[in-house]
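Here the structure is laid out as structure tokens; the discussion comes afterwards.
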Amino acid sequence: MEHTDVAVIGGGQSGLATAHALRLHGLRPVVLEASDRAAGSWPHYYDSLTLFSPARYSSLPGMPFPGADRDRYPHRDEVVAYLTAYADRLAAEIRTNCRVIAVRRTGGILTLELEGGGRLSARAVVAASGTFGRPHRPVLPGLQEFTGQVLHAADYRGPAPFSGRRVVVVGAGNSAVQIAAELAATARVTLATGAPVKFAAQRILGRDLHFWTTRTGLDTAPLGRLLSRPPTQPVLDDGRYRAALAAGRPDRRPLFTGADGAKLVWPGEGREDVDAIVLATGYRPDLPYLAGLDSALDADGNPWHREGLATGVPGLAFVGLEWQRSLSSNSLRGVGRDAERIARSLAAHLARR
């Protein structure tokens, strides 16, 4: 069986940043990416997606985000190109079309079982597979009975298929508001939320919000350990989304209370024909390959960890979790800091052994 120092599961921003950090600590990582290229989930996001952080705050360690305008908000395809270039420059082995289906522990060695029957043993494993593969589909009243189209934001690409249709977008985060506003240009759209949407100004005193979170230290403050659950993030807005909701394009309503065929039931408003529901309801850690590893995951499939180090499995770590350590843990600008901490800890762990 083939053996390596550290196996990194996932070749997106978290896996690439981790491989970079491990190399700096003298380790030889192998990055295992399930898709055909090392760009993570970015190629699969909706077409119009743009970062909410400027280019100057959107880099992985060792390679600034390209472009003369450091204050622009990069498009999805720019991020894909950046990650692809980063992977090409990385002095680490990256294996694409290599899906890990299980991780087992025998003694002090972790064995990875690969789709197709291959196996790889490692002294340490970093799970950096993100969340895109596990869209969160909450239990909503009447959703199972609804006979119209239901899709998650993970399956949404653009507004063209919904032109002229009646659409309900469920969610109150950045993606929900961005998708609902985009659809409202060509469809009749409602943004259904459990509470009013909370906004945060994208620019304050002429500076992007990320300037202020960086300057004050909020971006890197180790608050993750204090949170029992990740807080709801406000929608970053330059004014356009607040204005769109105020104009009723889309309109904002409470969550529907049931469904009757292709009709949704609204509290106090009766029934209404709806063509499609888009669930912009977030994601959860995508770690099915750890399900058979004792003490790795809780009953809901979420990792047991402390700032990214598994609490019950020596040699196992995580990178790219939301609020793993700080506000920026699962972002381009912050994942490198967590990757460095994990690489340092794993190097020390392996040196002791």
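From the Cα gyration tensor of the stretch 1-52, with a ≥ b ≥ c the square roots of its eigenvalues, which class applies: rounded if a/c is under 1.5, or else prolate if a/b is larger than b/c, or else oblate? Oblate shape, in that a/c is at least 1.5 and b/c is the bigger or equal ratio.
Rounded to the nearest 10 degrees, the angle from helix 174-183 to the longest Cα principal axis of the chain is 40 degrees. Once both axes come from the Cα atoms, what is the angle between helix 335-352 and the longest principal axis of the chain, in degrees from 0 to 90, rounded to 10? Helix 335-352 sits roughly 30 degrees off the main axis of the chain. Summed over qualifying helices (DSSP H, 4 residues or more, each -39500 (n - 2.57)) and divided by its residue number, the chain shows a 222 nm mean residue ellipticity of -6000 deg cm²/dmol. With a Förster radius of 35 Å, plug the Cβ-Cβ distance of residue 185 and residue 36 into 1/(1 + (r/R0)^6) and report the FRET value to the nearest 0.05. Here the calculated transfer efficiency is 0.60. The apolar share of the surface of the stretch 193-281, taken as the fraction of accessible area on carbon and sulfur atoms (1.4 Å probe, ligands and nucleic acids excluded), comes to 54 percent. About the centre of its Cα atoms, the chain shows a dipole size close to 860 debye [charges on the beta carbon of Lys, Arg (+1) and Asp, Glu (-1) only; nearest 20 debye].
What is the local net charge at residue 235, summed over the other residues whose Cβ is closer than 13 Å to its Cβ (Lys, Arg +1; Asp, Glu -1)?
Summing Lys and Arg as +1 and Asp and Glu as -1 gives +2.
Look at where the Cα atoms of the stretch 137-154 and of the stretch 52-77 average out, and the two centres are 35 Å apart. Considering only 138, 94, 158, the residue lying farthest towards the positive end of the dipole of the stretch 71-166 is 138, judged by Cα position with unit charges set on Cβ.
Taking all protein chains as they are arranged and a probe of 1.4 Å, the heavy atoms of residue 295 leave approximately 70 Å² accessible to solvent.
Modelled label positions at residue 132 and residue 348, each set 7 Å beyond Cα in the direction of Cβ, lie 3.3 nm from each other. Here the extension length gained between residue 115 and residue 227 equals 36.8 nm, from 0.36 nm per residue of separation less the Cα-Cα distance. Estimated at 0.36 nm per residue, the fully extended path between residue 218 and residue 298 surpasses their Cα-Cα distance by 25.9 nm.
The values are calculated or read from the model by the stated rules, or taken from the named source; none is laboratory data. Predicted model, so just to flag it, every value in this text is computed and none were measured. As a convention, Cβ positions derive from the backbone with ideal geometry for all residues, glycine included, and neighbour counts pool all protein chains shown. Calculation scope for accessible area: heavy atoms of the full protein, side chains included, ligands and nucleic acids excluded. Shrake-Rupley method; radii C 1.70, N 1.55, O 1.52, S 1.80 Å.
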